[in-house]
Amino acid sequence: MIKKIAFIIVCCCFSAALSAQHIAKLKMADVVDIFSKKSDTTYVINFWATFCKPCVAEIPGFIKVANKYKKDKVKLLLVSLDLPSFYPTKVATFATKNNFKTNIGWLDETNADYFCPLIDKSWSGTIPATIIVNANTGYKKFWEGDVNEKQFETELKTAIADTKASLTNPVFLMPMNKVVAIDYFDKENSNREFKNGENAAVTFKSNDSTVFALSDGIVTAVAKVDEMKVIIIRRGKIFYTYSNLGTTLVKKGDKVSKNQKLGYAALDFDKNIPTMDFYLNNDADRIYLTRNNFIEREKSTTRFSVMLGIEPE
């Protein structure tokens, strides 16, 4: 009888081992390499541990949402920060028990001062922590702390939208306050033939020289052309170009937020009023914007019509 019981126990243990999930052993450099390769995949990397209750609580929602958007090339990776003694058996058993059916790895690192900045310089080491990355578009969003399923889905949809960025009839807040005139090239009603490379700028004239970002994105260029400065910001597949600036407040590589100040417009050719040219395009096409693509920005309390390049007090 004792031998029979022992045999049953061995068989049960063997069965459990077979059903437990495979847990890859990873260095943080491996993790970074996964999401850094150019592709149209959006990666969600979640750092967790079996002893972390908020981590465990949010993971089912992450898995559900990631599976929902698989067709949009979303991949989820759960990276365990459990102690070495938990790898691989305890982590695998825990994952199987909690039905964590997704990609799981264990971080073979102990120096948080080294591996945290590889993910994001703001990471203090707290878990849960999550990063959403798409190397193709340059999209990156990192946060510490747990989020619920709805919040995570909102963040993921923003990342996915970048991979599908469209130029179809967008609507923006104007990039300047107190706009008094908008000039644009009316491609549809022009009596002359459209030429490839035609100036597609929308020109804003305003009593306030402050220029605001129309969207989140990454600054890909800050250049000086003759006496004017140009800022190009990329969000997904779309490029936002702000031209005829006298002063800039950002540099190449900066991550900017919607409505963030980018700089100050220079005066027009007649030296009468701050004027800024705006262009919108993707890798292959330009979009011809009109007055209907912009709504008035909240009016500013500052006036800026003469002294340029000096921030109002």
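The values are calculated or read from the model by the stated rules, or taken from the named source; none is laboratory data. All values derive from a computational prediction rather than experimental measurement. FYI the Cβ positions are ideal-geometry reconstructions off the backbone, even for glycines, and counts take in every protein chain you see. Just the protein is used for accessible areas: all its heavy atoms, side chains included, with ligands, DNA and RNA removed. Shrake-Rupley method; radii C 1.70, N 1.55, O 1.52, S 1.80 Å.
Surface listing: Glu109, Glu149, Glu296 arranged by accessible area from highest to lowest gives Glu296, Glu149, Glu109, probe 1.4 Å. What's the extension gain from Asp40 to Lys25 if we count 0.36 nm per residue and subtract their Cα-Cα distance? Contour length minus the Cα-Cα distance gives 2.9 nm. Once the Cβ-Cβ distance of Asp283 and Val180 is raised to the sixth power relative to R0 = 41 Å, the FRET efficiency obtained is 0.75.
Per-residue surface analysis assigns Ser85 an accessible area of about 80 Å², computed on protein heavy atoms at 1.4 Å probe radius.
Computed from label points 7 Å out along Cα-Cβ, the spacing between Ile273 and Lys53 is 6.2 nm. Full extension of the chain between Thr290 and Lys140 yields a length gain of 50.9 nm, computed as 0.36 nm times the residue separation minus the alpha carbon distance.
The slack in the chain from Asn67 to Ser122, taken as 0.36 nm per residue of separation less the alpha-carbon distance, amounts to 17.0 nm.
Would any residue of the stretch 251-283 have its amide N under 18 Å from a label point 7 Å out along Cα→Cβ of Glu227? List them or say none. Once the point is set 7 Å along Cα→Cβ of Glu227, 264-277 turn out to lie under 18 Å by backbone N, inside the stretch 251-283.
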